[in-house]
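Before any comments, here is the structure.
The values are calculated or read from the model by the stated rules, or taken from the named source; none is laboratory data. Nothing here was measured: the structure is a model prediction, and the numbers come from that model. A quick note on method: Cβ atoms are made from the backbone with ideal geometry, for glycine too, and the neighbour counts reach across all protein chains shown.
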Amino acid sequence: MGEETTVRNPGQTPAVLVGATLIALTSFVPYLNLINVFPFAGIILSGAVAAWFYIIRHQVPLSYRQAFLLGAKSGFLGGSFILFVVYLMLEQARNLSVDQFRKLLTDWGGRMPSDSADMYQQIMMIVNAPFGIKLVSFLVSMVLIGLILGPLAGIGARLTVYILKKQAQRNTPTP
C-alpha cells in the first residue's frame, strides 16, 4: 500500500482573530472608524488583512473558496463581538436613564396633586416593568450581522488572494 499524503492547512484562528479585531477597531476607535465613510470598507479591509496575514504567516496558498471562508469567519466573529459590546453599552445606558427617570418621577410624585395619584401609579408600573433585549433577539441579531459582515469580509479575503496571485504571476520568470 502506498502512503497517503494529506495536505493540512495550518490553523486559521490567529488570522480570524486579526480580522475580527480589525473589524472591532474600525467600528469603535475614533478617527480609525472614518474608513467606514466608504461603505463597508473597514469590513472588507479586515477580511483582506486576515487572508494576507494567514498567507504570509504560513506561506500557504489559499483557494478563492478557502479565502472567502476565512474572511467570512472573521466577519462573523467581528460582528458578534461588535454586537456584544453594543449590547453591554445599551444595557449600561438603559440602567442609567431608568435610574434618572425613577428619581425624577419620585421627586415629581411628592409634588403632584392628589387627583393625579392614579396616573402616577400607572407611570411607576410602566417604569418598573422589566424590559431589555431578549436572548432570542440577541441570537437573531448575531446571525443577521454575521450574514451581512461575513460575506463582506469574505470578499476582502478573496480580493487579497486575487491580488497575491496576480503578483505571483507577474513575478514568475517566463522561459
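Scanning the stretch 1-27 for residues that are at pLDDT 90 or above and of a type in the set (A, V, I, L, M, F, W, C) gives A15, V16, L17, V18, A20, L22, I23, A24, L25.
Somewhere in the stretch 21-34, is a residue surrounded by fewer than 18 Cβ atoms within 10 Å (Cβ to Cβ), at positive phi and either out of contact with any Ser or Thr (no Cβ under 6 Å at 6 or more places or on another chain) or not aliphatic (A, V, I, L, M) (or both)? Within the stretch 21-34, one or more residues are surrounded by fewer than 18 Cβ atoms within 10 Å (Cβ to Cβ), at positive phi and either out of contact with any Ser or Thr (no Cβ under 6 Å at 6 or more places or on another chain) or not aliphatic (A, V, I, L, M) (or both). Scanning the stretch 50-60 for residues that are without any contact (Cβ under 8 Å) to a residue 60 or more places away in the chain and surrounded by fewer than 24 Cβ atoms within 10 Å (Cβ to Cβ) returns F53, I56, R57, H58, Q59, V60. Number of residues in the stretch 123-150 that are crowded, with 17+ Cβ neighbours inside 10 Å and modelled with pLDDT of 90 or more: the value is 3.
Condition check for A93 on (1) exposed (fewer than 13 other Cβ atoms within 10 Å of the Cβ); (2) within 19 Å of Q12 (Cα to Cα); (3) of a type in the set (A, V, I, L, M): one failure, at (2).
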